[in-house]
Every structure is written in C-alpha cells, then in structure tokens.
Amino acid sequence: MSEHRLGEIVIERPRGGMRVSLKKMHGFKKQLAKLTEEASEDGLLSPYLIKPRNKSKYFSDHLGPLRRYLRSQVGQPWNQVYSQLCQRLDPSTLAGQHVLSHVWHYVERHAELIDGVVHRKPYRGYFSQLASGYRDQFYVHPETGLLCIADKIPWPKPPAPTDIVILNDRHQYRKLNDLWYLITFEEFPPPPTEYVTDVLQGLIPRCRAVWQNDRYLYAARKKQCNKKEIRFILSQLAKP
C-alpha cells in the first residue's frame, strides 16, 4: 500500500450499483422524467431539481488500506501516528476530512481501564467493554498514549437445549409441561390445503411450517414417552 496516497486509495473505489437512465425506466419515474423535461423547456426549473428518490448508485469506500495502516502502527505513540496521518491526509480538504472521519470509527481515543479491562468512554453513564469482533478495534492506551488493538472476545456458545432431543428429520422428543413426548413430523399437504393443525403450534398456515430438506414439515402427532424412552432421553442429555 502506498501510504503517501492513502487518502486517494480509500476514496477512489468506484461506487457500487449500476447507472440506470431515466429514459429506460417505466412507470412513475418515466412520467417524472417527462414532467421534468417539459418544465425545464418552459424555464420553470432546472432539470437537476427533480430526481428519483431511490438512487441506483451508492458509495462504497475502500477501507482495507486504512485498517492495515493502523494495524502496522500498533505500539507507536498515537500522537505520532495521527501526525503522520495528517501529513498524508490534508484535514483542510474534503477528502482528508472524509478519511479521518473513518479513523474515529476504528480508534477509540477516550478508553478507560476498569480492573485491567479496556472499556469505551461512558455513554449515558454506562461503560461497554472494548473488543475486536469481525474487524479490528483500536484504542489509545489511557496511560501510555500508545495505539493498541483490543483483544478479541470469543462469543459464548449457547447452552445445549434441555427440552428437546432430535432423532431424525421426522422424529424428536419434546418436553411439554414437564412431560416428554415423541413428536412425529409429516410433510405439509399440497395445495389447495393451506392450513393444518400442528400439535405444537395449533392451526398454522403453510408459511409457519418447518422448512427442511426442500419441503414443509409440521408436527402431526405426539405420543407420551414411556419409562424406557425417558431413560434414553436422559442419557442423551447427559452427554457433553
């Protein structure tokens, strides 16, 4: 990456989407274009004053070089890093201001240490832990003033369900009102049938059925489990 062209690299990415001519559009946009053209010919307004509200183009900044540059400066004094950025990105220009606005999205300047853990500055009286997720999160160390990168905190695994044991696509054990049942699923009937009675949800339309293996399934029957089945269920739930 050319650090001297950082501002150009970040903002030179072409906009996403596609350009669509109003002359090729149908419906209200075509009528709007015609009204605009007629009003412009009559001198009532400039042709650029009436434009469609939903644009087909959108901005798509290329921020990878900026993140890589910040990552390469981890461990350096933030004042020095920011000074170098200002030398390469003129804050008096619109392009420089645009890139620097992205810097503040990545760098937390007012971090605080609470019991050795980095937190963001309080928002409405509440602190939130600073952590890297799908992208790196940087912060200025409140004591040393160095640019640091926040540790990634792994997402906790959801606890295993204790009220369901799946056997296969069509059968599963469910705990309902402290009683275990064997639930049997069947394929949703073809049209014109649009409603069925589901033993778990009641009367449901096709859209509320379970979509699995390219077909709609619903809970057609349930049978209370016997002691042997309950022992099997408990053994399955006890597995790590």
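Nothing in this text is a laboratory measurement; each read-out follows from the coordinates by a stated rule. A quick note: this is a predicted structure, and the numbers were derived from the prediction, not measured. Cβ atoms come from the backbone with ideal geometry, glycine included; neighbour counts cover every protein chain shown.
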Check your understanding: What FRET efficiency would be calculated for the residue pair Ser235, Cys207, taking the C-beta separation as r and a Förster radius of 45 Å, to the nearest 0.05?
Key -> 0.75
Check your understanding: Relative contact order for region 136-240: what is it in percent, counting Cα pairs under 8 Å that are at least 6 residues apart?
Key -> 20 percent
Check your understanding: So what are the ³J(HN,Hα) numbers for region 179-195, from phi and the Karplus equation (6.51, -1.76, 1.60; θ = phi - 60°), rounded to whole Hz, Gly and Pro as x?
Key -> 10, 8, 10, 8, 9, 10, 9, 10, 6, 4, x, x, x, x, 5, 10, 9
Revision key, fill the gap. By Cβ neighbour count within 10 Å, fewest first, Tyr173, Tyr82 rank Tyr82, Tyr173
Study note, to complete from the structure: Listed by chain and number, the residues whose amide H is under 5 Å from that of Glu108, excluding neighbours fewer than 5 places away on the same chain and using placed H, are Phe138, Tyr139, Val140
Point to revise | Sequence ranges 215-224, 186-195, 85-94, ranked by mean other-Cβ count within 10 angstrom, highest first | key: 215-224, 85-94, 186-195
Revision key, fill the gap. Label model pair Arg68, Leu179: point-to-point distance (7 angstrom along the Cα→beta-carbon line) in nm is 6.4 nm
Check your understanding: Magnitude of the Cβ-charge dipole of region 178-232, K/R +1 and D/E -1, about the Cα centre, nearest 20 debye?
Key -> 320 debye
Revision key, fill the gap. Between the modelled labels at Thr162 and Asp90 (7 Å from Cα along Cα→Cβ) the distance in nm is 6.6 nm
Review point. What residues have an amide H closer than 5 Å to that of Cys225, excluding those fewer than 5 places away on the same chain, when H is modeled at 1.01 Å from N in the peptide plane?
Key: Trp180, Tyr181, Leu182
Exercise for review: Normalising by the residue count of region 150-210, find the relative contact order in percent from Cα pairs under 8 Å and 6+ residues apart.
Suggested key: 16 percent
Check your understanding: In sequence order, what are the phi-derived ³J(HN,Hα) couplings for region 98-113 according to the Karplus relation 6.51 cos²θ - 1.76 cosθ + 1.60 with θ = phi - 60°, rounded to whole Hz, with x for glycine and proline?
Key -> 5, 5, 5, 5, 6, 4, 6, 6, 9, 10, 8, 8, 10, 6, 10, 9
